[in-house]
Structures are given as C-alpha cells and as structure tokens.
C-alpha cells in the first residue's frame, strides 16, 4: 500500500522541523542529508519576537524542497513497481488465453477493470477523462514487449580498421517497396517485387493486403502479387501491424470503396491520434471512429461512401506519411484529387509517392504545397525497379570514409533531391562515387577536410550517419538542431563539444566508450557500428533489433573488410523414399 505522510498544518515557519530527517533509509541506515551551515545570529524586534532573516527562509525552502522530492520520488517508485506487477499479471492472463487460441485481452475482464478504476477515480475526485486515459496507458504497458533488465555483456563493436574491398546487394527502399506493392494489389496487376528485405513492415503490409483479397505470396527475398483481383474492404477486420505508414496506405485505399471496415494493430498504434484524421476524412465522404472509447487510436471503424471533394487542404498537424498515402491512393478516387497545405516534411514524402505514380503511368504533379493526382488505370511492370534505401545504403557508401578502400553496392540509387544531397556531401568529404544503372562504387580518394561541416545532421533520418562522420573528422560540426541521442552518445564517449542553437561542434581529443547502451532505433545501432571505426568499443544492449530490420547487416559488418558473408544455413530435405515393411 502507498503511504503518504500528511503535513501537520504548521507550514514552514517557526521551529516545525519534520521528523523525516531522522528516518532510516530503505537499507536501515540513517539518511545522510547535507549539513546546513550555522545560522546567523538571531534578530528580535522591539517586543522580543524572533525576526526571520532571508537566510533563514532560504534554508528552510531548501529543506522543504528536499523533503518534497523525497516523498514524491518514493511514491513514483512505488507506482512503477505496482505498474510492473500489474503488467505481469495482464501478460500472464494473455499467455493463458493465447494457449487456448483466444485473443490476448479478455473483453469482460477489461470492462470490469475499467469500471472499477472509473468508480475509484470518482470516489477520489479525480478527473474522469484523465483516469480513462490512464487506464489506456496502463494497458499499453501490459501489451507492449517488456524490456528486461540488461544483465549480459552486450554486443561490442570493434571493427578491423583496414581498407574495405567489398561488394553487397544493397537493401531496397522499404517505403518504395510497400507503395509499389499497394499499387499492384489495388489495381489487380501481376507484379514480382525483388529483391526485397522481408522485415516486419514489408511482411505486415503483405499480410494486410492479403486479408482484403489480394493474391499475395512471399518468400525470403521476394513478394509476388498474382493479380486478377482487386481489393475488397467491406466487412473486413484488417490487422496492420505496428507501422503507421501501413495503416495510412490501407486507410487511403479503403476510401475509394463504399461500406464499412475495421482496422486494428499492435499496441503502438492504439495511442495514435486518429481524431486528427477526421479533420480531412469528412471531405472525402468518410469518418473514422475508435472502437474502444478509451483508446484514441486503433482499433477503429471506417465508414465511407459519401460524396468526395475534388480538393482537400491538410492541417499542418497531420502526419506527413498520411499525405503520402493519400497521394498514392488518389488515382482510385472518382476524378482524382488535389491536396493542398503540404509542409516541407509532407512535401518530401509526397514526392516519393509522385515518383511511384509516375512510374505506373498515373499523371501526378507536385508544385509548391500542392499535389494533383488524376484518375486513371495504373500500368505496372511485372518486375518493377526498386531503388536502394537512402538511409541504409548511405551508411554503406560512407564505409570507405571511415576505413579507406572501396565498396560496390548493387542496386539503383534514387534520383530524389535527398539522395543527391547525400552524394554531394560524401563527395565533399573525400569520396569518389561512380554511378551506373544497376550499381554504384564508392572509393576514398582524399582525407576528410579539417573542421568539416556535416549538413546531413539537418535531416533526423541521417543523424546517425552525421555523427559517425563527425567523429571520424574529430573537429567537425554537425549542423541542425542538437539531438538528445547525439548528446547522450558524445557524453558516453567523453567527447568535448560545444552546443549551439543550430549545431554541435566537436573538439579534438581522445574519446573512449563507457558502459552499455540501449539504442532507440535500429538505424542508430547501425550508425554506432559505423562510429565504432572512430571510437571502438561501443557496446549495444539490443543489437538484435537490427536483424529484424535488415537481416544481413551484422553478417556483412562482421565480415569486413572483405565483405564475404557466411552463406545462409540450408535446411536439409529428407529424400529417403525407403519404406519400412513389417514382415509377419
């Protein structure tokens, strides 16, 4: 039970010292507080009453603040401990239900728990709306993957700093792959997408499209849509996984189909704000309604089929990925669609969708903050070209900067503005990049300039690469607003740096890694792998998450400088056709 000590009502004046100073700590030892300096000589007024000095008041304020911190911190600790216990019990219930082929959450149990919490909150006079939001958050802790306390040695990054001479088939753009798959499935065209990285986002979209009627099949390195049939959303419950872009794609495609359907996903999408989408959806003859009134996100029911406007204006608060998904699906709406109000981030995402539409024969024009997509019938090649992933392959291109040598990346480098900016920057840092139709070769031809300015830091997606390059330079400047993850890593390395409003400047000096680190994102883990050429010994706690994003990465990284990866294990087939004959 949480115990809260109440005040005696005398306030902080006078001699009302609280007894908490003499309470033992949790280990039984007396608490150690900083000894207060001696008080100045007491002053009294004409009547002989004590006059408090400013020093007296300041000292007591410090004491009171310390006590408040101790009390509230102890309560927070108890709340988190109870939260961990609650999450364990809910997960235990979910595991039992899963073993019996039931849903993870018992609707009856959830209803009873929610009613109990609402009643208790009412009895305590707590805000009802906040209490319902709290219940949703409590369930998120229960359903999310539990992060176990790290007790191992971690994954140490200490690559051989030798000139690379490697070749690799570069990973294709995950977003382009999914957009092309959505185009093929919605138009009923036969298409084989290869090579693809069968990670969670790609596989989840393939599964979701199959749920709404697409004849889709996949293996380790390809996804195939057999064609001959289009999508049917009416009456379906579609599981979209945990990637918001997958949800937006399916939602945008469903807008062209009259009827009702439902969307559900993993816990991460249960807290997304779908109410913001209803600022646009009514103009498109639809509305999205949460199925759980205590969840702002999924599961949700889509109702559509009303009259669709020819043009919509997107609020600036909307996710740029929704703008891209709406652009991609607009060819399937009667008369097409014009979308206005695109911000810089949304415009970059929409440009990718326009590129896909153009390659499929759909007329799409992006100008300023407006994109116009015409109604039409897509014409899709049976084996469409999938460009390289900009964020992942840019790290491969930068390998020669970190260690020298050359790398050959099989695949087509995209022609987007962002991709060209990367090539220009890496070239200025000492690379020669030779591009062909089906591959590119990056070779180190010069050392990195002293005091280099790394402009890639302005793009959040490229900050892991920007940090690695800056560490190699030693006295470089990472342009862009300071990033909390960059600051944390620099502090772990004991690096000297200066932070300003729009940049971080590294100072010369030795850097050594300390402790282990839980990476917030697989791309940051890969950025650390690159940075380890400059600061060896970085230790990751969750390096396995990279494998779920790009399965071949660690195999390739550990095989450098040659890059000759170990072959995948082959499952042996039992070809023994002999039969056992029982002789009586």
Exercise. Residue 525 is checked against (1) out of contact with any helix residue (DSSP H, G or I) (no Cβ under 9 Å at 6 or more places or on another chain); (2) closer than 23 Å to residue 172 by Cβ and fails just one. What number does that condition carry?
Worked result: (1)
For this session: Go through (1) farther than 20 Å from residue 550 by Cβ; (2) part of a helix (DSSP H, G or I) and name the single condition residue 261 misses.
Result: (2)
Problem set entry | Selection count, region 291-346, where residues are closer than 28 Å to residue 177 by Cβ and in a strand (DSSP E or B) | 7
Problem set entry | In region 460-472, the residues that are in contact (Cβ under 8 Å) with a residue 40 or more places away in the chain and either out of contact with any helix residue (DSSP H, G or I) (no Cβ under 7 Å at 6 or more places or on another chain) or under 17 Å from residue 533 (Cα atoms) (or both) | 463, 464, 465, 467, 468, 469, 471, 472
Exercise. Consider residue 530 against the criteria (1) within 21 Å of the chain's Cα centre (by Cα); (2) exposed (fewer than 13 other Cβ atoms within 10 Å of the Cβ); (3) modelled with pLDDT of 90 or more: it satisfies all of them except one. Which criterion is unmet?
Worked result: (2)
Problem set entry | Qualifying positions in region 230-248 - touching a helix residue (DSSP H, G or I) at 6+ places or on another chain (Cβ under 8 Å), over 15 Å from residue 286 (Cβ atoms) and outside any strand (DSSP E or B) | 230, 231, 236, 240, 241, 242, 243, 244, 245, 246
Exercise. Can you name the residue in region 264-290 that is surrounded by fewer than 16 Cβ atoms within 10 Å (Cβ to Cβ) and either touching a helix residue (DSSP H, G or I) at 6+ places or on another chain (Cβ under 6 Å) or assigned to a loop (DSSP other than H, G, I, E, B) (or both) and, of all such residues, is modelled with the highest pLDDT?
Worked result: 287
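The values are calculated or read from the model by the stated rules, or taken from the named source; none is laboratory data. All values reported here derive from a predicted model rather than from experimental measurement. Because the Cβ atoms are built from the backbone with ideal geometry, glycine has one as well, and the counts that use them run over all protein chains shown.
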